[in-house]
1. Are there any pairs, at least 6 apart or on different chains, whose C-beta atoms fall under 7 Å, with the first in segment 240-267 and open to solvent by 40 Å² or more (accessible area, probe 1.4 Å) and the second at pLDDT 90 or above and of a type outside the set (A, V, I, L, M), and if so, which?
2. I'd like the full set of residues that are open to solvent by less than 20 Å² (accessible area, probe 1.4 Å) and within 30 Å of residue 188 (Cβ to Cβ), limited to segment 213-239.
3. Pick from segment 137-149 the residues that are open to solvent by less than 50 Å² (accessible area, probe 1.4 Å) and among the aromatic types (Phe, Trp, Tyr): which of them is nearest to the chain's Cα centre (by Cα)?
4. Return the total of residues in segment 27-61 being more than 17 Å from residue 257 (Cβ to Cβ) and open to solvent by 70 Å² or more (accessible area, probe 1.4 Å).
5. Residue under question is residue 208, and the condition is that it be touching an Asp or Glu at 6+ places or on another chain (Cβ under 9 Å) and either in contact (Cβ under 8 Å) with a residue 40 or more places away in the chain or surrounded by fewer than 13 Cβ atoms within 10 Å (Cβ to Cβ) (or both); does it hold?
6. Could you figure out which of (1) at pLDDT 90 or above; (2) closer than 18 Å to residue 249 by Cα; (3) surrounded by fewer than 19 Cβ atoms within 10 Å (Cβ to Cβ) isn't true of residue 80?
7. So residue 199 fits all but one of (1) β-branched (Val, Ile, Thr); (2) open to solvent by 70 Å² or more (accessible area, probe 1.4 Å); (3) more than 25 Å from residue 125 (Cβ to Cβ); what number is the exception?
8. Hey, can you tell me all the residues within segment 150-178 that are open to solvent by 70 Å² or more (accessible area, probe 1.4 Å) and in contact with a helix residue (DSSP H, G or I) (Cβ under 8 Å, 6 or more places away or on another chain)?
Amino acid sequence: MSATVDDKRSLALPGVRGLRLPRIWRGVGNIAAAAVIILWLFPVYWIVLTSFKPTVEINSAIPSFVFRPTLENYTDLINQLEFAGPLLNSTVVTVVTCAIVIVLGVMASYALARMKVPGEKNLSLWILSLRFMPAIAIAIPFYLQWQSLGLLDTWPGLIIVYVSFNLPFAIWLLRGFMADVPAALEEAALLDGLSRLQILWRIVVPVILPGIASTSIFIFVFTWNEYLMALMLTSVKSVTVPVMISKFVMPYTILWGDLSAAVVIQLVPMLFVVFLLQRHIVRGMTLGAVK
């Protein structure tokens, strides 16, 4: 008797190219993937759940999944703990940092990808190596310098630091996208009388918009979540969201409700930016893969 399709699949050896795994192994793989996703998402689900719990439910010894939701934690966060100030600080610093980094990164990466720069390869490696430096190694020098310049606890002080940290990464990432743009486009633009700067902003930038979107997401996330430099360089007026959240952990108590609400508020802008630019992420990662 001839073997059925399922019998043939059951005889397939793992790792042999062109043969499909038996149905039972595919089922095990799906279950394992679902378990990993649930394990990863459960902390997010729990902290969102906690943000809507009354204080009594939060401090209960028995975890509860069914309760009467309340916005008490969010109202306390805004009205009593003045969370709107740190939220505004983080928003302004992050948006301005992203804008500066993208503009400077586009111009620098275009120069490295298209123009004859002496020591181009070594220069590119040196620029990227600046990102390898741990933040703690230069936190105190920045603090001392900013103290003498009067930039402590100010937006410009944080923005300059964040630009210096994120610009090398942006240049390195955008340079790869620039190199994948066909040179024929620029040659045709030169024949039409466009300058290098006009070619960059009118020809090259529209082509690499997916790459710019992907880079912007990385810069946004890095800046929005940064904690160490914000902790060192701010105290009252320019405190950011991560620093404010850390203050909810006190020596003898933890404000779980306020902390959970603050974390949820911090997650919302990142999710909004990622979903807004989602279609550009995939295009940015595959830009230049097929010419």
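1. From residues that are open to solvent by 40 Å² or more (accessible area, probe 1.4 Å), the pairs are 254/248; 255/248; 256/50.
2. Those that are open to solvent by less than 20 Å² (accessible area, probe 1.4 Å) and within 30 Å of residue 188 (Cβ to Cβ): 213, 214, 215.
3. Here the residue is 142.
4. Final tally of qualifying residues: 10.
5. yes
6. Of the numbered conditions (1) at pLDDT 90 or above; (2) closer than 18 Å to residue 249 by Cα; (3) surrounded by fewer than 19 Cβ atoms within 10 Å (Cβ to Cβ), the odd one out for residue 80 is (1).
7. The failed condition is (2).
8. Listed by number, the residues that qualify are 155, 172, 175.
The values are calculated or read from the model by the stated rules, or taken from the named source; none is laboratory data. Fair warning: this is a prediction, and the values are worked out from it, not measured in the lab. Quick reminder, even Gly has a Cβ in these numbers, built from the backbone with ideal geometry, and neighbours come from all protein chains shown. The area values use the complete protein model at the heavy-atom level, side chains included, leaving out ligands, DNA and RNA. Shrake-Rupley method; radii C 1.70, N 1.55, O 1.52, S 1.80 Å.
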